[in-house]
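Chemist: Mind looking over this structure? Questions follow.
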Amino acid sequence: MDYKILIVDDEPDIVSMLASFFSGKGYQALTAHSGAEALRKIGQTPDIILLDINMPDMDGLEVCEMIRDRVSCPILFLTARIEDADKVKGFSVGGDDYILKPFSLMELEARVCAHLRREARHKVDTRLKFAGDLAIDYTQRQLFYGKEEISVTKKEFDIVELLSQNPGQVFDKERIYEKIWGYDSEGDSGVVAEHIRRIRTKIAAHTDHTYIETVWGCGYKWNC
């Protein structure tokens, strides 16, 4: 499969280098030099996005927040430096990973391939309906209550998928983080609780049934 990769950075040399590298690896490289240009390129449905955080007109966090509810593909932030608080913010707006500059092209390619493989695995599942009117479409990666779609971000759906496919099994925050974000991600498990809080809020707008149950001192489990 020929994957499309969108490379967004305000440094032309970096964009050119990455576009040349990934084109040589068989990818279709789409490029943008600003946040505004990235928004225009989203319509070409990339399979993965490399997104610089520190851009002058609109930073990568703003871009990610604007597109995440409409774009489900992995978003990997590129940044020269990052604080823990910034990592949490990046994950909370829908980012999937951080790549610190300067980076090894081999490591970057490995990260990209790992995220694409994870996406491919998501697409082999079929729709499965759970208790009441809640339904999870694993193929389209959508969550429904009755006929209404519950809008969730990519990472929120990943958590729902993990827990719902293992009903009754307790996952602690660290294990959820490792499975969803990966062992080599630059964040920490503290972001899991914020994602679960947001999932619960969205489901609670439709029903008072608690699908994600907290097992105090242990973690979380799916309660169908």
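The values are calculated or read from the model by the stated rules, or taken from the named source; none is laboratory data. Please read all numbers here as calculations on a predicted model, not as lab measurements. In this analysis, Cβ positions are derived from the backbone assuming ideal geometry, glycine residues included, and neighbour counts consider all displayed protein chains. The protein model used for the area step is the full one, side chains on, heavy atoms only, and it has no ligands, DNA or RNA in it. Shrake-Rupley method; radii C 1.70, N 1.55, O 1.52, S 1.80 Å.
Chemist: Looking at region 162-195, which of its residues are surrounded by fewer than 18 Cβ atoms within 10 Å (Cβ to Cβ) and either among the small types (G, A, S) or under 16 Å from N223 (Cβ atoms) (or both)?
Modeler: If the condition is that a residue be surrounded by fewer than 18 Cβ atoms within 10 Å (Cβ to Cβ) and either among the small types (G, A, S) or under 16 Å from N223 (Cβ atoms) (or both), then L162, Q165, N166, P167, G168, Q169, V170, G182, S189, G190, A193 are the ones that fit.
Chemist: Identify the single condition in (1) under 25 Å from I199 (Cα atoms); (2) modelled with pLDDT under 95; (3) open to solvent by less than 60 Å² (accessible area, probe 1.4 Å) that I49 does not satisfy, given that it satisfies every other one.
Modeler: (2)
Chemist: Take D10 and tell me if it is part of a loop (DSSP other than H, G, I, E, B), crowded, with 17+ Cβ neighbours inside 10 Å and charged (D, E, K, R). Working first, answer last.
Modeler: Details: part of a loop (DSSP other than H, G, I, E, B): yes; crowded, with 17+ Cβ neighbours inside 10 Å: yes; charged (D, E, K, R): yes.
It is true that D10 is part of a loop (DSSP other than H, G, I, E, B), crowded, with 17+ Cβ neighbours inside 10 Å and charged (D, E, K, R).
Chemist: Checking E156 against (1) open to solvent by 40 Å² or more (accessible area, probe 1.4 Å); (2) at pLDDT 90 or above: exactly one of these is not met. Which one?
Modeler: (1)
Chemist: Also, I was wondering about something else. Go through (1) among the polar types (S, T, N, Q); (2) in a loop (DSSP other than H, G, I, E, B); (3) closer than 22 Å to L116 by Cβ; (4) more than 18 Å from the chain's Cα centre (by Cα) one by one and return the number of the condition S72 breaks.
Modeler: Of (1) among the polar types (S, T, N, Q); (2) in a loop (DSSP other than H, G, I, E, B); (3) closer than 22 Å to L116 by Cβ; (4) more than 18 Å from the chain's Cα centre (by Cα), only one is false for S72: (4).
Chemist: Follow-up. Can you tell me which of Y177, Y220, Y211 is out of contact with any strand residue (DSSP E or B) (no Cβ under 8 Å at 6 or more places or on another chain) and aromatic (F, W, Y)? Even if it seems obvious, please write down each step before you answer.
Modeler: Numbers: Y220 fails: out of contact with any strand residue (DSSP E or B) (no Cβ under 8 Å at 6 or more places or on another chain); Y211 fails: out of contact with any strand residue (DSSP E or B) (no Cβ under 8 Å at 6 or more places or on another chain).
Selected residue: Y177, the only one of Y177, Y220, Y211 that is out of contact with any strand residue (DSSP E or B) (no Cβ under 8 Å at 6 or more places or on another chain) and aromatic (F, W, Y).
Chemist: Being open to solvent by 10 Å² or more (accessible area, probe 1.4 Å), assigned to a helix (DSSP H, G or I) and free of Cβ contacts under 8 Å to residues at least 60 places away in the same chain is true for just one of K87, K41. Which residue is that? Steps first, please.
Modeler: Numbers: K87 fails: free of Cβ contacts under 8 Å to residues at least 60 places away in the same chain.
Residue meeting the stated conditions: K41.
Chemist: Could you list all residues from region 52-68 that are open to solvent by less than 20 Å² (accessible area, probe 1.4 Å), modelled with pLDDT of 90 or more and more than 10 Å from D10 (Cα to Cα)?
Modeler: Within region 52-68, G60, V63, C64 meet the criteria.
Chemist: Just the residues that are of a type in the set (D, E, K, R) and closer than 12 Å to A80 by Cα, please, taken from region 45-60. Walk me through it before giving the result.
Modeler: Initial filter on region 45-60 (of a type in the set (D, E, K, R)): 47, 52, 57, 59.
Within region 45-60, D52 is the sole residue that qualifies.
Chemist: Show me the strands (runs of 3 or more DSSP E) found entirely inside region 139-216 where at least 3 residues are in contact with a helix residue (DSSP H, G or I) (Cβ under 9 Å, 6 or more places away or on another chain) and on the phi < 0 side of the Ramachandran plot. Write out each step before concluding.
Modeler: Values: elements: 142-145, 148-150, 212-215.
Because the criterion is at least 3 residues that are in contact with a helix residue (DSSP H, G or I) (Cβ under 9 Å, 6 or more places away or on another chain) and on the phi < 0 side of the Ramachandran plot, the strands (runs of 3 or more DSSP E) in region 139-216 that meet it are 142-145.
Chemist: Under 8 Å by Cβ, and 6 or more places apart or on different chains, what pairs join a residue from region 136-162 that is more than 23 Å from K173 (Cβ to Cβ) with one that is open to solvent by less than 10 Å² (accessible area, probe 1.4 Å) and modelled with pLDDT under 90?
Modeler: From residues that are more than 23 Å from K173 (Cβ to Cβ), the pairs are Q142/I136; F144/L134; F144/A135; F144/I136; Y145/L134; Y145/A135.
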